[in-house]
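The values are calculated or read from the model by the stated rules, or taken from the named source; none is laboratory data. Just so you know, these numbers come straight off a predicted model, no measurement behind them. Virtual Cβ from ideal backbone geometry, glycine too; neighbours counted across all protein chains shown. In case anyone asks, the SASA skips ligands and DNA or RNA and just uses the protein heavy atoms, side chains included. Shrake-Rupley method; radii C 1.70, N 1.55, O 1.52, S 1.80 Å.
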Amino acid sequence: MSTGPLRLAEVVAHCGGELVGDPDVVVRRIASLQSAGPGDLAFLSDARRRAEAAATRASALIVPETERDITTLPRIVCRDPYAYLSRASALFQSPVAGAPGIHSTAVVAAGAEVAPSASIGPGCVVERGARIAANVMLGAHCAVGEEVEIGPDSHLHAHVTIYPRCSIGPRAIIHSGAVIGADGFGFAPEGGKWLKIYQTGRVLIGADVEIGANTTIDRGALDDTVIEDGVKLDNQIQIGHNCRIGAHTAIAGCTGIAGSTTIGKHCMIGGAAMIAGHIEIADHVVIAGATGITKSITQPGIYSSALPATAVREWRRSLAHIRGLDRISHRIRELERRLAAMEQDR
Amino acid sequence: MSTGPLRLAEVVAHCGGELVGDPDVVVRRIASLQSAGPGDLAFLSDARRRAEAAATRASALIVPETERDITTLPRIVCRDPYAYLSRASALFQSPVAGAPGIHSTAVVAAGAEVAPSASIGPGCVVERGARIAANVMLGAHCAVGEEVEIGPDSHLHAHVTIYPRCSIGPRAIIHSGAVIGADGFGFAPEGGKWLKIYQTGRVLIGADVEIGANTTIDRGALDDTVIEDGVKLDNQIQIGHNCRIGAHTAIAGCTGIAGSTTIGKHCMIGGAAMIAGHIEIADHVVIAGATGITKSITQPGIYSSALPATAVREWRRSLAHIRGLDRISHRIRELERRLAAMEQDR
Amino acid sequence: MSTGPLRLAEVVAHCGGELVGDPDVVVRRIASLQSAGPGDLAFLSDARRRAEAAATRASALIVPETERDITTLPRIVCRDPYAYLSRASALFQSPVAGAPGIHSTAVVAAGAEVAPSASIGPGCVVERGARIAANVMLGAHCAVGEEVEIGPDSHLHAHVTIYPRCSIGPRAIIHSGAVIGADGFGFAPEGGKWLKIYQTGRVLIGADVEIGANTTIDRGALDDTVIEDGVKLDNQIQIGHNCRIGAHTAIAGCTGIAGSTTIGKHCMIGGAAMIAGHIEIADHVVIAGATGITKSITQPGIYSSALPATAVREWRRSLAHIRGLDRISHRIRELERRLAAMEQDR
């Protein structure tokens, strides 16, 4: 993976697409239509931004086939500019720091296996029996528990904690403050107190998973918590013990999923969703942000209970009306009765 | 505390219960009915799982007295299998790592007191005047501020932060990323800006408290924030300054409690509950998940405002109806007036 | 900045106000009316607390001009006791620990610039090209990425992570576990999988910003995420990529703001608010706690969709009624039709 500046011909050679215009134009970074200037490659994915595309100061554009003639600037024509952006953004991404080897301040237990190509950052702690595969990068202060496995090419940013015996697949990206494998919330009530149920399961994470900053995934109580391949988790998500998140499901920030819930494959879950425990969500379900899910969902589709705000005075009237629905229901019944009586008399 | 394999006779000797069947059967771990195999001790707590109990491949079962004859496998009969699971899970729990002593990479200030039996992990920082009692275990990179006290047998996992002058009782379990004693959110408005009110109170945590990963408990503004004995807090909970959480209350993940609120004893609060500041919740209150609490609750009972999702089209109709309740109310009044007029004419 | 004990005359010399009573009375800390004892300076800001003020055991009081004669104790009379509290609390605040210099266990890359007056705590990691200004204090284990800038007099508590190229203004206070600059949640769907869009923007934070424990602010996708001057963020807030938070806006804990949303200046946002992406909130907007914002707000005012809990049985009736609104609407239409028919016949 290179890092700009690049000639447009080079971009197309790496990422595909059809080049219209001068192949020797040099671009140094990707930018939005609005903020782009000379040396920038901007992209148009949304037809509503045509005016911005016309006005952009970028040196070149990425455009969809339908907008091939939107500009006279040099341009890369492709089927899906947003997917193209993904490839091109990788091209311009600075290579992440981290030379192979174990930093002198890291603490790696005897008996931990660290591939020679892995980079173990300053202050990292890798416990007994852990296995760190090729090209793994651990940022500063990562704590990797006993017998943890981390698959090749994974990147843990600073301050990631992996509890004992959990397993991370290849090509994971885990952001700072994420905690994988803390105890699930399991207690038995007895005599007004709570007895801890020791959580002896693990967290098993598949390939190509990204986990956001300060997200927490609890280990299973007896069986394991499972995150399947290709799952993308945003920041500050909480996943309870014994959940299973299906492959290629994406979950936005601040969502909480209580224990023992199974989410299907290819789901999209909006931010701040609140999902109860012990339920099942089918594949291809879309859940709106700020939505509560209290029962299993068996059919694909879009589900919501998001409550949009209004001016507080108006909202208070709505609340009063909702509380008055019992009374409204009664008044309608009464009207029906009286009207029927009159109709009969007629 | 031992760690398997154990003979059933040994399990019963430690945890009680009545053994039916061969006392010499050896079990190595506890497992769920479904995933159990030879060498596993499974448990049945829920009569709806009888079919699974009949089909389990476990070597032995924990069963309630009412299900004494559910199986011909060796079995431990007890009053409450879930509470029994708690004791038995402790028996099979691997002893937590951490030899007594201060790791060579830890930084312990002169004048901090660390009991000889305490285990201070790699990279820990213990500031001046802190007191760490017997058998305390600090995981990697814990930061313990000035004059903090940590009671005996407490276990802080990696990356726990305790701000100065806070106090943790005996037998606490605090998970990674928890932050105890950060400043409460206190500002005075003046001329369109916010003036910080320095937060000079502390966080005082009782005995036998468990605190989940990335949970935050703010120090008091002037007085203290108090977590009483036996409280269990799940992950990603936020407790504002000057709150008091009553003894043996359990709070599920992602719940936020604003400042100066008092929660009673023996409460159960569901996940993602949102609790306003400056209110009081009585003892023995149960709050459903995803529920907003805006006023004090004076009576025990179950409270909810959780809004379950429906298909988005249906939900939009409901929202439109809610917004139309003013109009519905008006139409009913109108019907009542017209009908009364007709009835009078009759 | 000093730290008590102080004579009342000294308090007034530093913070202003009019002293009524003995200027030589010595106070050692500020306390609430209820918990104050001899040697404490208590404050009365709310007329509802007059009874507590009369009964307080404090040695002196801070009172508003309207309550000048509430007590015979020595007292400081001022216009706004809450703003006064801010200044006085600073006076009694213990000076934060941290001698100038780089702790022997910190890892500062060659080429990072650290002002001689800055204090770099144990285990901190400061990467290549970072610039740490005068009087900055980094608590234990902070991770400061490449080319990060931290302005003068800023204080990062233990375990703060700043990703590469982000910028923090002067006088920031950032609490433990905060993560600034992790990747925004950006993926392009292709063939049922998610392609990562590398996040190449930054986080730019203005002057006098406070950021709570475990709060996360994502870096921009292409452009930057911006937090303007004087913004105050509580704990466990999530701010998505490319958001802009206007100057002097205060946001309470557990709020999530999805990507590309602009919040105006001088807004107040309650706890656990859920704010959608790609919208704009005007200046001087107040949003209640636990409120969902799904559309832009163009007018100042108070907005809410908070749903207060009721006893669960009552709540279930309300939910059933809400689901039955379609039917109610139909019955009213029917009543109107029948009544109109009768009225016509009359």
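Side notes on the structure shown:
- Computed from the Cβ-Cβ distance with R0 of 60 Å, the FRET efficiency linking A:Gln344 to C:Glu280 stands at 0.55.
- Rounded FRET efficiency, nearest 0.05, which uses the C-beta distance separating C:Ala134 from C:Ala110 and R0 of 25 Å: 0.75
- Chains A and B together bury roughly 5600 Å² of accessible area, counting both sides, with a 1.4 Å probe on protein heavy atoms only.
- Dipole-positive endmost among B:Thr291, C:Ala140, B:Leu44 within the protein assembly as shown (Cβ charges, Cα centre): B:Thr291
- Placing a label point 7 Å from the Cα of A:Asp46 along the Cα-to-Cβ direction, the distances to the matching points in the other copies come to 4.3, 4.3 nm, shortest first.
- Average partner coverage of C:315-328, which counts Cβ from other chains inside 10 Å: 6
- Chain C shape via C-alpha gyration tensor axes, a/c threshold 1.5: oblate
- 10 Å Cβ neighbours from other chains, averaged over peptide A:20-32: 1
- A Cβ-based charge dipole, computed about the Cα centre of segment A:141-243 with Lys and Arg at +1 and Asp and Glu at -1, lands at about 320 debye.
- In the context of the full set of protein chains, residues of segment C:1-98 present 50 Å² of accessible surface per residue (probe radius 1.4 Å, heavy atoms only).
- Vicinal HN-Hα couplings computed from phi for segment A:102-109 (Karplus, 6.51 cos²θ - 1.76 cosθ + 1.60; Hz; Gly/Pro x): 9, 4, 4, 8, 6, 10, 10, 5
- Positive-end residue of A:Ala258, C:Trp194, B:Ile162, charge dipole of the protein assembly as shown with Cβ unit charges: A:Ala258
- If R0 equals 45 Å, the separation of the Cβ atoms of A:Arg317 and A:Ala90 corresponds to a calculated FRET efficiency of about 0.30.
- Close amide-amide hydrogen proximity is noted between C:Ile287 and C:Met268, C:Ile269, C:Gly270, C:Tyr303, each under 5 Å apart and 5 or more residues distant or on a separate chain (H modeled in the peptide plane; Pro and chain starts excluded).
- Expressed to the nearest 5 percent, the antiparallel share of DSSP beta bridges inside segment C:53-179 is 0 percent.
- Remark: the Cα gyration tensor places the protein assembly as shown in the rounded category, a/c being less than 1.5.
- For segment B:204-346, the per residue solvent-accessible surface stands at 36 Å², with DNA, RNA and ligands left out and a 1.4 Å probe.
- Of the peptides B:135-147, C:118-130, the ranking by mean beta-carbon count within 10 Å, highest at the top, reads B:135-147, C:118-130.
- A:Thr66 paired with A:Ser35, simple spin-label distance in nm, labels 7 Å along Cα-to-beta-carbon: 2.7
- Share of carbon and sulfur in the accessible heavy-atom surface of the protein assembly as shown [1.4 Å probe, %]: 51
- If you count Lys pairs in chain C whose Cα atoms are under 28 Å apart, skipping same-chain pairs closer than 8 places in sequence, the total is 4.
- Nm distances between copies for A:Gln34, ranked from closest, using label points 7 Å along Cα→Cβ: 4.8, 4.8
- The alpha carbon centroids of segment C:1-71 and segment B:191-221 are separated by 24 Å.
- Interface residues in segment A:207-242 - accessible area drops by 20 Å² or more relative to the isolated chain, probe 1.4 Å: A:Glu210, A:Ala213, A:Asn214, A:Thr216, A:Leu222, A:Asp223, A:Lys232, A:Asp234, A:Asn235, A:Gln236, A:Gln238
- Nm distances between copies for C:Glu280, ranked from closest, using label points 7 Å along Cα→Cβ: 4.7, 4.7
- The H on the amide N of C:Ile237, modeled in the peptide plane, is under 5 Å from the matching H of C:Thr215, C:Thr216, C:Cys254, each at least 5 residues off or on a different chain.
- Each Cα pair under 8 Å and six or more residues apart adds its separation to the average, and for chain A the resulting relative contact order is 6 percent.
- Farthest toward positive dipole pole in the protein assembly as shown [+1 Lys/Arg, -1 Asp/Glu at C-beta], among C:Met274, C:Thr66, C:Ser318: C:Ser318
- Cα gyration tensor category, rounded, prolate or oblate, for segment C:138-179 with a/c compared to 1.5: oblate
- Mean-position separation - Cα centroids, segment A:135-177 and segment C:116-183, in angstrom: 23
- Taking amide H as placed 1.01 Å from N in the peptide plane, the amide H of C:His155 sits under 5 Å from that of C:Met137, C:Ala172, C:Ile173, C:Ile174, each at least 5 places away or on another chain.
- Using Cβ point charges alone (K and R +1, D and E -1), the dipole size of chain B about the Cα centre works out to roughly 1260 debye.
- Mean Cβ neighbour count within 10 Å, used as a protection proxy, ranking A:333-342, B:14-23, A:39-48, C:68-77 highest first: A:39-48, C:68-77, B:14-23, A:333-342
- Phi-based couplings in Hz for segment C:157-168 (Karplus 6.51, -1.76, 1.60; Gly and Pro marked x): 6, 4, 6, 8, 10, 10, 6, x, 6, 7, 9, 10
- Dipole moment magnitude, nearest 20 debye, the protein assembly as shown about Cα centre, only Lys, Arg, Asp, Glu C-beta charged: 2660
- Listed peptides A:213-220, A:60-67 by packing density, highest first (mean Cβ within 10 Å): A:213-220, A:60-67
- For segment C:12-145, the relative contact order is 17 percent, taking Cα pairs closer than 8 Å that sit 6 or more residues apart in sequence and dividing their mean separation by the residue count.
- Shielding of C:118-124 by partner chains, average beta-carbon count, 10 Å: 5
- Note that segment C:253-264 has calculated 3J(HN,Hα) couplings of x, 6, 7, x, 10, 6, x, 6, 9, 10, 9, x Hz, one per residue in order, obtained from phi through the Karplus relation 6.51 cos²θ - 1.76 cosθ + 1.60 (θ = phi - 60°); glycine and proline are x.
- With contacts taken as Cα pairs under 8 Å and at least 6 residues apart, segment C:273-343 reaches a relative contact order of 23 percent.
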